[in-house]
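Here the structure comes first, spelled out in structure tokens, and everything after it is commentary.
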Amino acid sequence: MNSEDLSLANIADNLPTKFVGKEVIYYPHLPSTMDAARQEAHQGATEGTVIIAGEQTQGRGRLKRNWLSPRGNVALSIILYPDISLMSRLIMVASLSVVRSIETVTGLKPQIKWPNDILINGNKVSGILIENELKGSAVVYVIIGIGINVNLRPDDYADISTTATSLNDEYGGNVSHLDIIRNLLIEIERLYLTSSIGDSIYTEWRDRLATLGKHVYIRSGDTVLEGVAESVDRNGALRVRHADGKTTVVVAGDVNLRDK
Ligand code: BTN
């Protein structure tokens, strides 16, 4: 292991959390932290266990996309066992945790593209993938996967060169991925523990959305919806108003933003 690997392996040292990150399993290389986390969950991992990869060779994104995960970026998955009533809040917990940790460490001001892409200056810096297993109405486990581009150079990758960015590029210097991860875990626990209480998470998430008021194209399954993103409800669903005045409520999809 080199020094970066060792510092990541020690990420849990003195982490001021109760359960998130108390157990950290670090792999220098992995196909995907999602699969490793699922295996751990099936073997009874404690809640808050984190799987971190120095590099992923088969990182995956939403909608069956690939996720580029070379060394020096953040790639991790967190195992949780929430009540089913909290499931829709987890998108908010995860995206706000990323936003807050980036803000704390760099002072940059990220925004959220519905439902949970993190943008800086309009380009994607982080993506979140949430997978779960349910038995009837009981949650067996939830895995929150988070990828953050820290020192990725989007220009090196044709597919994302015009849509992605990285913390180093936006900050104009080296951002410590160790600091980002530690802050992220602290925020995840804080927001997760308060997610069932009141509306403050929903309000903060809504206020951080770059999507509201924008003309959007939303790919959801095989259809593309077009209209103005009007509002989001407390469960995270997006209401889109079409040119004919009718509205559609969308619970999942991939948004293309176009300014009004
Ligand atoms: C997206 O924007 O489509 C979601 C990207 C999620 C990427 C993270 S990196 C850690 C975890 N492991 C994966 O294979 N995917 C998630």
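Throughout, read-outs are computed from the coordinates displayed, never taken from laboratory work. The model shown is predicted, which means the values in this text are computed figures rather than measured ones. Methodologically, a virtual Cβ is constructed for each residue, glycine included, from the backbone with ideal geometry; neighbour enumeration extends over all protein chains shown.
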Which pairs in the list 135/246; 64/124; 214/246; 18/109; 18/113; 109/214 are over 25 Å apart, alpha-carbon to alpha-carbon?
-> 135/246; 18/109; 18/113
First check a/c for region 10-145, with a ≥ b ≥ c the square roots of the eigenvalues of its C-alpha gyration tensor; if it is under 1.5, answer rounded, and if not, answer prolate when a/b is larger than b/c or oblate otherwise.
-> rounded
Checked region 77-235 against the a/c 1.5 cut and the a/b vs b/c comparison, axes a ≥ b ≥ c from its Cα gyration tensor; verdict oblate
Specify which residue in the list 210, 105, 80 is farthest towards the positive end of the charge dipole of the chain, using unit charges on the beta carbon of Lys, Arg (+1) and Asp, Glu (-1), about the Cα centre.
-> 210
Residue order, fewest to most beta carbons within 10 Å, for 49, 223, 247 | 223, 247, 49
Let me know the shape class of region 165-260, please: from the alpha-carbon gyration tensor, a ≥ b ≥ c as square roots of the eigenvalues, rounded when a/c is under 1.5, otherwise prolate if a/b is greater than b/c, or oblate.
-> oblate
Magnitude of the Cβ-charge dipole (Lys and Arg +1, Asp and Glu -1) of the chain about the Cα centre, nearest 20 debye, reported as 640 debye
Extend 7 Å from the Cα of residue 156 along its Cα-to-C-beta direction; within region 55-75, residues with backbone N under 17 Å of that point are 55-59, 67-75
Exposure proxy check: 165, 211 ranked by fewest other beta carbons within 10 Å?
-> 165, 211
Expected max-MSF residue from 22, 135, 113 in the GNM of the chain (alpha carbon, under 10 Å) is 135
Taking the highest mean first, how do the peptides 73-80, 156-163, 25-32 order by number of other beta carbon atoms within 10 angstrom per residue?
-> 73-80, 25-32, 156-163
